[in-house]
Amino acid sequence: MENESRTPGDNDIEYVLLCQKGDKEAFAVLVERHQKKMLNMAYRMTGNYEDACDIVQEAFLSAYRSLKTFRRESLFSTWLYRIVVNHTKNRLQQIKARSRYEDPAVDDPPETEGDRSPFPMHSGNVPLIEQIEKREINEKVQECIGSLDGEYREVLVLRDIQGFSYDEIRDILHIPDGTVKSRLFRARTALKDCLVKIFGDL
Amino acid sequence: MLCKDIEHNLPAYLEDALSPREKGLIEEHLALCPHCKKTVEDLEKTAKLVREMEEVEPPPWFTQKIMSRVREEAQTKKGIFRKLFYPLHIKIPIQALTTVLIAVLAFQIYKFGEPEIKVMVAPPAAVFEAGKEHVPAAPQKSPDFTPAPSSKGKAFPKEGAKKERDLPASSPPDSSDTTLRRERMRIRHENEPSAQKSTIVEEEKETAPDRVDEAVQARPSAKMQEAPKALRAPAYEYKREESAYTAGAAREKRRYETAPTAPMVMGAVVGTPARISFMVHVKDASIAAENTKKLLKESGARKIQRQSRDGREVFTAEISGQKVREFMEQLKTIGETDKTGIPADMLERDVSITIELFSDR
């Protein structure tokens with residue numbers, strides 16, 4: 001009952017039901033709706049655009065496979081984001097395991113994209129210098145996010161970058177409210193420390 | 001309150017997640033401590049920097065890429081492979097079972113098919129020739145018959161002829177098929193006098209019941225043994241009891257039919273030992289086989305050969321003609337035989353005998 005009352009606003013549900021009935025084209029609507037958010041979540045957590053794209057594809061595929069198990073206990077989007085977070089965690093573990101063999105510097109922050117960075121280039125109204133500066137700053141911030149522990153990183157990304165509510169984060173990560181907050185505050189402090197270290201003064 | 005503790009609570013303070021009392025304490029401290037004040041500012045700036053991070057855009061055709069993989073997935077899900085092999089926990093046992101069944105079946109077919117294949121392999125030329133020679137020769141048999149040297153042929157030329165007249169309609173239609181087959185067997189029998197009886201026996205097994213009558217009708221003049229009882233003369237040399245084993249009876253008829261019938265055949269038979277075969281119905285083939293072997297030895301048989309086939313025991317041996325009758329009597333102690341008498345001419349020379357032991361299984 002509680003679930004029912006929590007999900008009346010799920011405007012994905014109509015397409016989810018279509019998919020569950022076998023209309024795979026209805027899934028395209030859901031992909032279209034959520035891909036960007038999922039991509040950004042994955043990208044901020046991994047710091048690698050290509051990896052993020054892979055993760056999102058895999059997440060959508062496994063969502064499609066297990067669509068029948070979606071019981072409307074949460075919003076479809078929450079369910080979907082949980083999948084992408086889990087896929088991201090798995091991918092990060094793989095990367096970590098791989099770098100253990102290839103590179104002893106495990107603690108290095110994940111690489112950020114250079115030339116292939118997908119940030120849209122502003123034209124005209126923003127001076128080029130500012131654009132480059134901005135990109136550099138972004139890269140530094142991303143670097144620092146990457147240096148955070150996984151559990152801090154995901155909370156920070158979900159809350160401060162994606163703007164999810166505490167309730168949503170609690171549902172996505174399946175952790176208690178208090179944990180969300182304490183992790184978030186530590187993550188913010190750690191990120192600030194990292195940025196201060198890099199920029200000297202903010 | 002130490003700066004460390006204050007710093008720890010600053011994010012919560014910024015989030016306005018503290019109790020009013022804690023909040024008050026922090027505000028007091030911040031007013032006095034420039035270090036902590038700076039920390040608050042840095043936190044705010046960090047939050048701003050993070051907020052200002054630009055979103056990345058999905059690569060072009062991202063939805064299409066994902067959807068094509070989804071469709072692929074959906075296709076394989078409904079594909080033949082999945083249909084056949086999923087759910088595994090049901091279909092794998094079924095498939096395994098089917099495989100075993102097929103294997104067993106194949107083995108059985110191979111095993112039981114083997115003897116029949118041997119029969120099929122009989123020389124086609126002989127069959128053809130036999131058909132050619134025999135069919136036109138059939139009507140002339142009764143005249144040819146009388147001078148035949150065989151003692152078996154003499155007795156009933158008239159009855160045979162009469163029978164042929166009595167059943168004119170039935171002879172032509174069935175002569176083509178059954179006669180041909182019988183001919184084939186006869187030819188083989190004559191050409192290979194020492195051949196194993198088992199092949200013939202095999203063939204008889206499958207066709208014998210129907211062919212008792214056929215044989216009687218098709219070739220009445222040829223075989224005195226096959227004459228129906230009504231036509232049998234009282235002087236009939238060896239009265240045959242109505243045997244419980246039609247197969248055996250039919251077989252014996254056919255065997256005797258070979259020797260006396262066609263004159264051209266006689267030459268081949270002359271000089272080879274006379275043949276006689278016994279079908280013996282026993283309870284246990286293997287026990288009976290031992291007894292038979294003993295019996296054969298006691299009767300002074302030579303060239304004793306034993307063959308086992310599909311639960312049947314087949315002995316071939318040569319035995320002196322004088323001992324045949326005695327042997328036959330002994331054989332009755334082992335099981336029910338299909339014979340009660342033997343041709344007189346066999347007494348004069350060595351006889352090649354075949355004893356087939358079979359039991360109901």
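The table below lists the values:
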| item | result |
| --- | --- |
| Test for A:ALA187: is it more than 16 Å from A:VAL85 (Cα to Cα), of a type in the set (A, V, I, L, M, F, W, C) and at pLDDT below 90 | no |
| Out of A:SER99, A:SER5, sole residue that is open to solvent by 60 Å² or more (accessible area, probe 1.4 Å), more than 10 Å from chain B (Cβ to nearest Cβ), at pLDDT below 85 and outside any loop (DSSP other than H, G, I, E, B) | A:SER5 |
| Residue in the stretch B:5-22 that is touching a Phe, Trp or Tyr at 6+ places or on another chain (Cβ under 7 Å), within 30 Å of A:ALA26 (Cβ to Cβ), hydrophobic (A, V, I, L, M, F, W, C) and open to solvent by less than 80 Å² (accessible area, probe 1.4 Å) present | no |
| Odd one out for A:CYS53 among (1) assigned to a loop (DSSP other than H, G, I, E, B); (2) within 14 Å of another protein chain (Cβ to nearest Cβ) | (1) |
| Single condition A:ARG33 does not satisfy, out of (1) closer than 19 Å to A:PHE164 by Cβ; (2) open to solvent by less than 50 Å² (accessible area, probe 1.4 Å) | (2) |
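Here's the yes/no breakdown for (1) open to solvent by less than 30 Å² (accessible area, probe 1.4 Å); (2) at pLDDT 80 or above; (3) among the hydrophobic types (A, V, I, L, M, F, W, C):
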residue	(1), (2), (3)
B:VAL270	no, no, yes
B:ILE276	yes, no, yes
B:LYS294	no, yes, no
B:VAL314	yes, yes, yes
B:GLY321	yes, no, no
B:LYS339	yes, no, no
B:GLU356	yes, yes, no
B:ASP360	no, no, no
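This table checks each residue for (1) in contact (Cβ under 8 Å) with a residue 60 or more places away in the chain; (2) within 11 Å of another protein chain (Cβ to nearest Cβ).
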| residue | (1), (2) |
| --- | --- |
| A:GLN20 | no, no |
| A:ASP23 | no, yes |
| A:ALA28 | no, yes |
| A:ASN40 | yes, yes |
| A:ARG44 | yes, yes |
| A:GLU58 | no, yes |
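The values are calculated or read from the model by the stated rules, or taken from the named source; none is laboratory data. Everything quoted here is computed from the prediction, not taken from an experiment. So basically every Cβ, Gly included, is an ideal-geometry build from the backbone, and we count neighbours across all protein chains shown. Accessible surface areas use protein heavy atoms only, side chains included; no ligands, DNA or RNA. Shrake-Rupley method; radii C 1.70, N 1.55, O 1.52, S 1.80 Å.
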